[in-house]
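Right, one structure below, let's go through it.
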């Protein structure tokens, strides 16, 4: 069979294909409250790579594990473990069905062109175990696999411009871990094959993210703290200050379209040592302030008491004597 092979190392480098887990939906209501739906992708660096199979056996074990009990949400309408058994026509009447846990190569439901085939060990049917909501540990000689034939009609198995192919969807309240042996034909060439056991990693290549994964070359699954998310949305408005330098008075111009919202806020001058040395109420789009009491030097102007954390205001004030 295409997917069988000798034991392979878990060692990886930044150019290897890899398995990336992406959190898609956090559920807060109904039957799925407290669960998260994830999608697992094979990432590669060639748009015409072809993902052939996902498998496991005694020499190349396959593990799909969640810390919750049951491990996986499985909707009663699904009769197999494959995405190609999912009929989206039922989503309107059974919304939770869209978050069923399944295995695939490229397909999200039965509307896909790709034909995904499963092969199970009679003594350890990983697909039946997965569909029952249990953790999967394939360690038998015969093994288990889901695969597609490398033919042109199986278009969803081709990596494409986004450099990834979907291989699973998991809905669970637990933490996911595991590994899968993945087979890929580089550039669609069956004479140039990648076949290794890949651990399930988090899909995030941003060192600033909470879930940074050094091996990732995608930012699909990056997660940030709530503070970071707010900062990502912040817009800073430059305050116009004249004359500059100033000696006794300075005029500050605020964005005219925000004048009404700024009314009641406070303009502050902060020294380079971090101390607030002056403050003035904002009453209009243009304010004239008395700086005669400030020592010669450079100050940063900011606005305090504004009701929108995504907007900031900053200006430079230079005072001479």
Checklist entry - Does the stretch 80-94 hold any residues that are farther than 19 Å from residue 156 by Cβ and either in contact with a strand residue (DSSP E or B) (Cβ under 6 Å, 6 or more places away or on another chain) or touching a residue at least 12 places away in the same chain (Cβ under 8 Å) (or both), and which are they? => result 90, 94
Checklist outcome for this item: Restricting the stretch 281-311 to residues that are touching a residue at least 40 places away in the same chain (Cβ under 8 Å) and surrounded by 15 or more Cβ atoms within 10 Å (Cβ to Cβ), the one nearest to residue 246 (Cα to Cα) turns out to be 291
Checklist entry - Looking at (1) out of contact with any strand residue (DSSP E or B) (no Cβ under 9 Å at 6 or more places or on another chain); (2) without any contact (Cβ under 8 Å) to a residue 60 or more places away in the chain; (3) part of a loop (DSSP other than H, G, I, E, B), can you tell me which one residue 160 breaks? => result (2)
Checklist outcome for this item: Over the stretch 288-321, the set of residues on the phi > 0 side of the Ramachandran plot and outside any loop (DSSP other than H, G, I, E, B) is 297
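Every number here is computed from the coordinates shown, using simple stated rules; none is lab data. The model shown is predicted, which means the values in this text are computed figures rather than measured ones. We place every Cβ from the backbone using ideal geometry, glycine too, and count neighbours over all the protein chains shown.
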